[in-house]
Amino acid sequence: MQITTEDIKVISRLVHDLCGIVLDESKGYLIESRLSRVANEAGCETFSELYYKTRYKQNPAIEKKIIDAITTNETLFFRDTSPFEALQFKVLPEMIDEKANSRNPKRLRLWSAACSTGQEPYSLAMTLAELIPDIHSWDVNILATDISSTAIAQASRGTFEKLEIQRGMKPTFLAKYFDQTEGTYRVKDQLRSLIRFQQINLLQPFVGMGPFDIVFCRNVAIYFSAEARKDLFERITQLLTPSGCLFVGSSESLLDLGSRFTPHRHCRAVFYRPRMAQTAPC
Ligand SMILES: C[S@@+](CC[C@H](N)C(=O)[O-])C[C@H]1O[C@@H](n2cnc3c(N)ncnc32)[C@H](O)[C@@H]1O
């Protein structure tokens with residue numbers, strides 16, 4: 001299916017409104033390659049027909065297919081390694097010590113925002129389980145969310161192909177946390193039970209969520225406009241506990257967003273803590 005300049009404009013606007021992803025005029029090839037099939041399946045002969053059908057006929061099934069096709073679900077276990085090392089050797093031990101005298105010393109809330117097919121939340125779960133041997137007597141929950149219902153369904157199944165496992169999984173963890181059946185690997189129920197999966201669009205208000213001790217929001221805001229990105233990280237910060245931490249992707253930085261975000265370093269990892277409003281001296 002051939003795409004026109006006008007098609008690029010309207011489809012880009014539609015994609016932006018659906019999921020915040022910004023596609024400029026140079027992305028015609030991407031729309032063509034990823035959405036031709038969706039258009040065909042919807043019985044559309046042109047992209048503008050797909051636009052009108054989706055925009056004015058309120059068609060959730062087509063919307064879902066557009067989101068699934070246009071989002072980039074690239075991910076792997078323990079992506080970038082250093083954030084998980086920072087968690088294991090610095091953030092979690094300090095947090096657990098700090099919580100020791102609180103009302104809920106064994107309560108931990110994590111959020112893997114834009115978790116794709118689940119490698120990130122399962123990596124978080126394994127990191128926690130390694131550090132806290134009696135994790136199942138703790139009150140731990142990892143919320144794993146993504147806009148793509150297909151990605152979330154796969155994440156929730158917890159079943160991975162050999163190729164996916166080969167990307168980042170340590171053999172000792174594979175043996176400890178997965179069952180192998182007919183060439184696929186399934187996360188053991190005990191580990192899976194630490195995670196709750198939910199479809200969430202990061203552009204929409206976060207209702208009834210948080211507070212979180214740790215949020216991973218990596219490799220998603222790079223696709224958003226500058227305003228949507230700033231708004232997203234500010235809303236996430238409001239969901240963090242006072243000593244909470246936010247991890248972004250290795251190519252991302254929050255330094256341009258002002259003093260709300262204080263960077264902290266551990267080896268090669270950078271994470272951010274919210275700077276609380278200063279209280280007036282008495
Ligand atoms: C490149 S993956 C990143 C996965 C994982 N965080 C990582 O770093 O490995 C980006 C994910 O963001 C999701 N996504 C894109 N727009 C979104 C939105 N508006 N709300 C929630 N998730 C979104 C996509 O579906 C995709 O699974």
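The values are calculated or read from the model by the stated rules, or taken from the named source; none is laboratory data. If you're wondering where the values come from, they're calculated on a predicted model, not measured in any experiment. Glycine gets a Cβ as well: all are built from the backbone with ideal geometry, and neighbour counts include every protein chain shown. In case anyone asks, the SASA skips ligands and DNA or RNA and just uses the protein heavy atoms, side chains included. Shrake-Rupley method; radii C 1.70, N 1.55, O 1.52, S 1.80 Å.
Compute, for THR75, the solvent-accessible surface of its heavy atoms (probe 1.4 Å) with the complete set of protein chains present, and express it in square angstrom to the nearest 10.
Spelled out: THR75, probe radius 1.4 Å, area about 20 Å².
Working out 0.36 nm times the residue gap between MET1 and TYR29, then minus their Cα-Cα distance, what length gain in nm do you get to one decimal?
9.0 nm
Could you tell me the accessible area of ARG229 in Å² (1.4 Å probe, neighbours in place), rounded to the nearest ten?
Solvent-accessible area, nearest 10 Å²: 40 Å².
Cα atoms only, segment 112-170: Rg and Dmax in Å?
Every Cα atom of segment 112-170 included, Rg and Dmax give 12.3, 33 Å.
Ratio of segment 7-75's C-alpha Rg to 2.2 N^0.38 Å, to two decimals?
0.99
May I ask for the net charge around ARG260, where only other residues with Cβ less than 13 Å from the Cβ of ARG260 are counted and Lys, Arg are +1 while Asp, Glu are -1?
So the surrounding residues net to +1.
How much net charge surrounds SER148 when only other residues with a Cβ under 11 Å from its Cβ are counted (Lys, Arg +1; Asp, Glu -1)?
0
With a cut-off of at most 10 other beta carbons within 10 Å, and DSSP calling the residue loop, which GluC sites (Glu not before Pro) in segment 146-218 qualify? Please list them.
Counting only loop positions with at most 10 other Cβ atoms within 10 Å, the GluC sites (Glu not before Pro) in segment 146-218 are GLU182.
Please get the size of the charge dipole for the chain, origin at its Cα centre, with Cβ charges of +1 on Lys and Arg and -1 on Asp and Glu, quoted in debye to the nearest 20.
600 debye
At a 1.4 Å probe radius, carbon and sulfur cover how many percent of the accessible area of the chain?
51 percent
Quick one: work out Rg over Rh on the C-alpha atoms of segment 1-134, Rh as Kirkwood radius.
Rounded to two decimals, Rg over Rh is 1.20.
To the nearest 20 Debye, how big is the dipole of segment 34-188 about its Cα centre, given +1 on the beta carbon of each Lys and Arg and -1 on that of each Asp and Glu?
Dipole of segment 34-188, to the nearest 20 debye: 280 debye.
If we restrict to alpha carbons, what Rg and Dmax does segment 57-148 come to, in Å?
16.8, 56
Report the gain in length on full extension from ARG196 to LYS106: 0.36 nm times residue separation, minus Cα-Cα distance, nm rounded to one decimal.
30.6 nm
Rounded to the nearest 20 Debye, what is the dipole magnitude of segment 5-70 about its Cα centre when Lys and Arg each give +1 and Asp and Glu each give -1 at the C-beta?
Charge dipole, segment 5-70, about its Cα centre: 220 debye, nearest 20.
Please report the accessible area of ARG235 (heavy atoms, 1.4 Å probe, ligands and nucleic acids excluded) in Å², nearest 10.
About 40 Å², rounded to the nearest 10.
Using only the alpha carbons of the chain, determine the length spanned along each of the three principal axes and report them from longest to shortest in whole angstroms.
Principal extents (Cα only, largest first): 63, 61, 33 Å.
Name the lysines eligible as straight-distance cross-link partners of LYS9: C-alpha to C-alpha under 25 Å, and not fewer than 8 places from it in the same chain.
Partners found: LYS27, LYS53, LYS57, LYS64, LYS65, LYS230.
Can you find, among LEU35, ILE214, THR4, the residue farthest towards the positive end of the dipole of the chain? Put +1 on the C-beta of Lys and Arg, -1 on that of Asp and Glu.
Towards the positive end, the residue furthest out is ILE214.
For the pair ASP97 and TYR56, what calculated FRET efficiency results from E = 1/(1 + (r/R0)^6), where r is the Cβ-Cβ distance and R0 = 45 Å, to the nearest 0.05?
Using R0 = 45 Å, I get an efficiency of 0.20.
Among SER156, SER112, ALA125, flag the residue with its Cα farthest along the positive direction of the charge dipole of segment 82-274, charges on Cβ as +1 for Lys/Arg and -1 for Asp/Glu.
ALA125
Need the full-extension length gain, LEU257 to ARG275, defined as separation in residues times 0.36 nm minus the C-alpha distance. One decimal, nm.
Once the chain is fully extended between LEU257 and ARG275, it gains 5.3 nm.
Taking square-rooted eigenvalues a ≥ b ≥ c of the alpha carbon gyration tensor, is segment 105-218 rounded, prolate or oblate, where a/c under 1.5 means rounded and, failing that, a/b exceeding b/c means prolate?
Oblate, since a/c reaches 1.5 and b/c is not below a/b.
Given the C-alpha centroids of segment 191-213 and segment 1-72, what is the distance between them in whole angstrom?
Cα centroid to Cα centroid, the span is 27 Å.
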